[in-house]
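Take a look at the structure set out below.
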Amino acid sequence: MKITDAKVIVTSPGRNFVTLKITTSDGVTGIGDATLNGRELAVASYLRDHVCPLLIGRDPARIEDTWQYLYRGAYWRRGPVTMTAIAAVDTALWDIKGKVAGLPVYQLLGGRSRDGVTVYGHANGETIPEVLDEVARYVDLGYRAVRVQCGVPGLDATYGVGKDKMFYEPAETNRPSEATWSTERYLRVVPELFAAVRDRFGYDLHVLHDIHHRLTPIEAGRLGSMLEEYAPFWLEDPVPAELQEGFRLIRQHTRAPIAVGEVFNSIWDCEQLIREQLIDYIRATVVHAGGITHLRRIFDLAALHHVRTGSHGATDLSPVCMSAALHLDIAVPNFGIQEYMRHTEATDEVFPHGYHYADGYLHPSEEPGLGVDIDEKLAARYPYEPAYLPVNRLMDGSMHHW
Ligand code: KDG
Ligand code: MG
């Protein structure tokens, strides 16, 4: 069997998604998510202009070899654009392998380690009472874990506090919007938020919070120590993570569990964080971290160092990525939690899928392969729309350091 076609499909059913579709000489098809929020067309070009021509004639069964060929062969290693493109190829080849074997992909990864994948959703609100109402909505839906974010008094907009409920879309069309930030005000409101959530919902619910890289290590240590009494499940992205050793300082000052990794694209972004046990959850994803093959490698390294998984699953990761993530989540021994923000109805129609939510858990599809498809005719009805993630500035107008 050989690869006979590889094409890139860009569609925007509510937001932009890039998908790679590979076809084999036996007529088997596989798909992979290649969406990089705000930089979608860079990955589409990387695939179309540089990778698709190399795939034609290759054996689709050689997943590892193809991964190494694209990673090493490019000479220019790593980076979000390259690794998202490689992820799309890798995911599509796992989909094909599952279909050829007649098995869901998780069976090829060693089979089930658990009955379902515990997920969390985002409870957002401008005010604390609004957040509490959103938490109640998730609790009513059976969720065991909820991420809480509220507006910071005195700031016009706070990143991560979405306008939508159940979806999460920070990107905006045309030019990026610009928001301002005050660490002092933020550090005052978050403990109040946690206190209110614990007061109303008790301690059985897992409560998560995303800092979106906005603090320094010592500020993050202070926030963590203030939140310890409210037993946070994790504090996410406390600081920008280019300087991995900076996390040592956070560890010295708090026992709050730390999660990081949604912007990571390679094992080298988290090697020190994992090896020195500076984090508790690794949030790298299939689409941005080199596909199932590379993410499995990261998860295995993490398993050796008491680090559990907590993959990114915001709305900008397509149902193709979510399907692939669930096959890994259900199989790996050190699974922690999976983020799950729902897609719009239009997106679900373009990407029919077999995974489903029930009682706090997601369940991967039992169909051979990943159990997700793309309706190309429908996809063609939603042309690409330029969109950017917002920019953040401090009160004095300087760019925030994250
Ligand atoms: O594209 C960026 C979003 O996916 C990101 O802001 C989401 O921080 C995020 C999260 O934890 O879901
Ligand atoms: Mg995040």
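The values are calculated or read from the model by the stated rules, or taken from the named source; none is laboratory data. All of these numbers come straight from a predicted model, not from anything done at the bench. Cβ sites come from the backbone with ideal geometry, for glycine too, and all protein chains shown count toward neighbours.
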Return yes or no: is Ala259 within 16 Å of ligand 1 (Cβ to nearest atom), within 17 Å of the chain's Cα centre (by Cα), more than 23 Å from Arg72 (Cβ to Cβ) and small (Gly, Ala, Ser)?
yes
Kindly check whether there is at least one residue in the stretch 168-180 that is touching a residue at least 24 places away in the same chain (Cβ under 8 Å), more than 29 Å from His356 (Cα to Cα), buried (at least 20 other Cβ atoms within 10 Å of the Cβ) and away from ligand 2 (no atom under 16 Å from the Cβ).
no
Checked pairs for the stretch 304-316, first in the same structural domain as Trp234 (by the TED database) and among the small types (Gly, Ala, Ser), second in a strand (DSSP E or B) and within 10 Å of ligand 2 (Cβ to nearest atom), C-beta under 6 Å and 6 or more apart or across chains, list as Gly310/Ala259; Gly313/Glu339
Which of the residues spanning the stretch 200-219 are in contact with a helix residue (DSSP H, G or I) (Cβ under 9 Å, 6 or more places away or on another chain) and either away from ligand 1 (no atom under 16 Å from the Cβ) or modelled with pLDDT under 95 (or both)?
Arg200, Phe201, Tyr203, Leu205, Arg214, Thr216, Pro217, Ile218, Glu219
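Residue-wise test of (1) modelled with pLDDT under 95; (2) closer than 18 Å to Arg214 by Cα; (3) within 16 Å of ligand 2 (Cβ to nearest atom); (4) out of contact with any Cys (no Cβ under 6 Å at 6 or more places or on another chain).
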| position | (1), (2), (3), (4) |
| --- | --- |
| Glu228 | no, no, no, yes |
| Asp237 | no, yes, yes, yes |
| Leu243 | no, yes, no, yes |
| Ile258 | no, yes, yes, yes |
| Val263 | no, yes, yes, yes |
| Ile267 | no, no, no, yes |
| Gln277 | no, no, no, yes |
| Ala289 | no, no, yes, yes |
| Thr293 | no, no, no, yes |
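For every residue, the table says whether it meets (1) closer than 25 Å to Glu242 by Cα; (2) away from ligand 2 (no atom under 16 Å from the Cβ).
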residue: Ser45; (1), (2): no, yes
residue: Ala61; (1), (2): no, yes
residue: Trp76; (1), (2): yes, yes
residue: Pro80; (1), (2): yes, no
residue: Ala87; (1), (2): yes, yes
Just to be sure before I move on: is Trp94 touching a Ser or Thr at 6+ places or on another chain (Cβ under 7 Å), aromatic (Phe, Trp, Tyr), at pLDDT 95 or above and crowded, with 20+ Cβ neighbours inside 10 Å in the structure I sent?
no
Taking the residues in the stretch 12-41 that are of a type in the set (Gly, Ala, Ser) and assigned to a loop (DSSP other than H, G, I, E, B) as candidates, determine which candidate is surrounded by the most Cβ atoms within 10 Å (Cβ to Cβ).
Ala34
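One line per residue, one yes/no per condition, for (1) in contact with a strand residue (DSSP E or B) (Cβ under 8 Å, 6 or more places away or on another chain); (2) of a type in the set (Val, Ile, Thr); (3) surrounded by 24 or more Cβ atoms within 10 Å (Cβ to Cβ):
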site: Phe233; (1), (2), (3): yes, no, no
site: Gln244; (1), (2), (3): no, no, no
site: His253; (1), (2), (3): no, no, no
site: Asp269; (1), (2), (3): no, no, no
site: Ile279; (1), (2), (3): yes, yes, yes
Whichever residue in the stretch 218-233 is within 23 Å of the chain's Cα centre (by Cα) and not small (Gly, Ala, Ser) and, among such residues, is nearest to Tyr143 (Cα to Cα)
Phe233
Answer yes or no: is there a residue in the stretch 267-281 that is within 16 Å of ligand 1 (Cβ to nearest atom), more than 16 Å from the chain's Cα centre (by Cα) and acidic (Asp, Glu).
yes
